[in-house]
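Student: What follows is a structure written as structure tokens; I'll ask about it next.
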Amino acid sequence: MIFLGIETSCDETAASVVVSEKVAGRTKNTILSNIVSSQYIHSKYGGVIPELASRAHIQLIVPITKTALEVAKIDYKGLDGIAVTYAPGLVGALLVGLSYAKTLSLSLGKPFVGINHLEGHIFSLFLSYPELEPPFLALIISGGHTELMIIKGRCEYEALGSTLDDACGEAYDKVARMLGLPYPGGAFVEKLAQDGQRNIKFPVPHIPGYNFSFSGLKTAVLYYSKTEKNPIPEDIAHSFQETVIDFLLKKIRLASDNYKIRRIGVSGGVAINNRIRERFNEYAKEHNLEFYFPHPSMCTDNAAMIAAAGIERYDRFGPSSLSLTAEARVRL
Ligand code: KG4
Ligand code: ZN
């Protein structure tokens, strides 16, 4: 089965062609193309401006899709279906991809499948690790989401917890801003932290159960930066990052202990972070766990993960209704 995937939920316009075959009862996905255009226009505003994101998607969606088909060496007729992110995200941005996918579906007479963006991030794990069979834990850490869940099967999930306020990547971006770094700031904070030391005691958030919260930590960083006479940006970045990692590991420990699950997939833009990977892998050695980090190009928003999720959903549940609407917030 060959699917076109389309992703426009935030500030990436992405299209991808994925082919899927069953080999010895297992799904084998091959990415034929994976085209992502990041909208740098938001950088000067220090955050994504929804109206600008929608406008940029409108300009980019057709050429990006054409490029994805060209790179995959396939034309529209060769597709078996079209998968598109319908939620959660910026509604105006989602509507561009969703309307385009529905139009393609109607004009080509091909099935259309709406995908929850978070399910896409889960499928980035399946794409990167075909041998990774459920059950396993998944931690999605991105600019818009912080979710911990049990992957019980393909398309079968149990949500454990999510952030009560800022997302993990959002906290990185806000701290980056406090330190005068560009947007999006996660990678800049990571780089700055390399030259710092952990000599500032930021509080590890105390949130019961599997939920997360980053706004208290963000405020602690802000307060420290404003009140300290000679704040050292490298130390702030380093201490902030180590505190975030302590917090994430605390939640992983709780879930892996309680559910006796040893394998944990970590995806979303923040999962690119090398210090997070290093400390998680150290922790894994000490506690007999295994972490699965996708390739960086699969961590950030892309349409290959949407196409792969689309193929699986279509196989199990058939096409989505064309009356499916874009939604800003929806649980998986
Ligand atoms: O998954 P993604 O591309 O988009 C969303 O779905 O939100 O994630 C983007 C987020 C941004 O907040 C960005 O600052 C963060 O991922 N990020 C990082 C790193 N690279 C990107 N955070 C920490 N360390 C990094 N190296
Ligand atoms: Zn995402």
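The values are calculated or read from the model by the stated rules, or taken from the named source; none is laboratory data. Note that the structure is predicted; figures quoted are calculated from it, not measured. Note that each Cβ is placed from the backbone with ideal geometry, even for glycine, and that neighbours are counted across all protein chains shown.
Student: For region 279-298, check the following and say yes or no: at least one residue is under 22 Å from V113 (Cα atoms) and part of a helix (DSSP H, G or I).
Tutor: yes
Student: Could you figure out which of (1) in a helix (DSSP H, G or I); (2) of a type in the set (G, A, S); (3) closer than 14 Å to I236 by Cα isn't true of G180?
Tutor: (1)
Student: Looking at (1) surrounded by fewer than 17 Cβ atoms within 10 Å (Cβ to Cβ); (2) more than 14 Å from ligand 2 (Cβ to nearest atom), find the lone condition where S297 falls short.
Tutor: (2)
Student: Would you check if there is a residue in region 24-47 being crowded, with 24+ Cβ neighbours inside 10 Å and either of a type in the set (F, W, Y) or farther than 29 Å from M178 by Cα (or both)? If you could, list the steps in order and put the result at the bottom.
Tutor: Filtering region 24-47 for residues crowded, with 24+ Cβ neighbours inside 10 Å gives none.
Looking for residues that are crowded, with 24+ Cβ neighbours inside 10 Å and either of a type in the set (F, W, Y) or farther than 29 Å from M178 by Cα (or both), one finds none in region 24-47, hence no.
Student: Taking the conditions exactly as written (more than 16 Å from ligand 2 (Cβ to nearest atom), assigned by TED's automatic domain parsing to the domain that holds I200 and under 19 Å from the mean Cα position of the chain (by Cα)), does R263 satisfy them or not?
Tutor: Values: more than 16 Å from ligand 2 (Cβ to nearest atom): yes; assigned by TED's automatic domain parsing to the domain that holds I200: yes; under 19 Å from the mean Cα position of the chain (by Cα): yes.
Spelling it out, R263 is indeed more than 16 Å from ligand 2 (Cβ to nearest atom), assigned by TED's automatic domain parsing to the domain that holds I200 and under 19 Å from the mean Cα position of the chain (by Cα).
Student: Follow-up. Looking only at region 251-294, which residues are among the aliphatic types (A, V, I, L, M) and either surrounded by fewer than 19 Cβ atoms within 10 Å (Cβ to Cβ) or under 22 Å from K152 (Cα atoms) (or both)?
Tutor: Hits for region 251-294 are I252, L254, A255, I261, I264, V266, A271, A284, L289.
Student: I need every pair where a residue in region 298-326 that is on the phi > 0 side of the Ramachandran plot has its Cβ under 9 Å from the Cβ of a residue that is surrounded by fewer than 24 Cβ atoms within 10 Å (Cβ to Cβ) and not basic (K, R), sequence separation at least 6 or different chains.
Tutor: These pairs meet every condition: G318/P111.
Student: Please go through region 78-104 and pick out each residue that is in contact (Cβ under 8 Å) with a residue 12 or more places away in the chain, surrounded by fewer than 22 Cβ atoms within 10 Å (Cβ to Cβ) and part of a helix (DSSP H, G or I).
Tutor: G78, V91, G92, L95, Y100, K102, L104
Student: OK, next. Give the residue, chosen from G186, G169, G144, that is within 16 Å of ligand 2 (Cβ to nearest atom), out of contact with any helix residue (DSSP H, G or I) (no Cβ under 6 Å at 6 or more places or on another chain) and farther than 25 Å from K260 by Cα.
Tutor: Just one listed residue meets the conditions, G144.
Student: Please tell me if S107 is out of contact with any strand residue (DSSP E or B) (no Cβ under 9 Å at 6 or more places or on another chain) and either in the same structural domain as L60 (by TED's automatic domain parsing) or within 16 Å of ligand 2 (Cβ to nearest atom) (or both). Write out each step before concluding.
Tutor: On the way: out of contact with any strand residue (DSSP E or B) (no Cβ under 9 Å at 6 or more places or on another chain): yes; either in the same structural domain as L60 (by TED's automatic domain parsing) or within 16 Å of ligand 2 (Cβ to nearest atom) (or both): yes.
It is true that S107 is out of contact with any strand residue (DSSP E or B) (no Cβ under 9 Å at 6 or more places or on another chain) and either in the same structural domain as L60 (by TED's automatic domain parsing) or within 16 Å of ligand 2 (Cβ to nearest atom) (or both).
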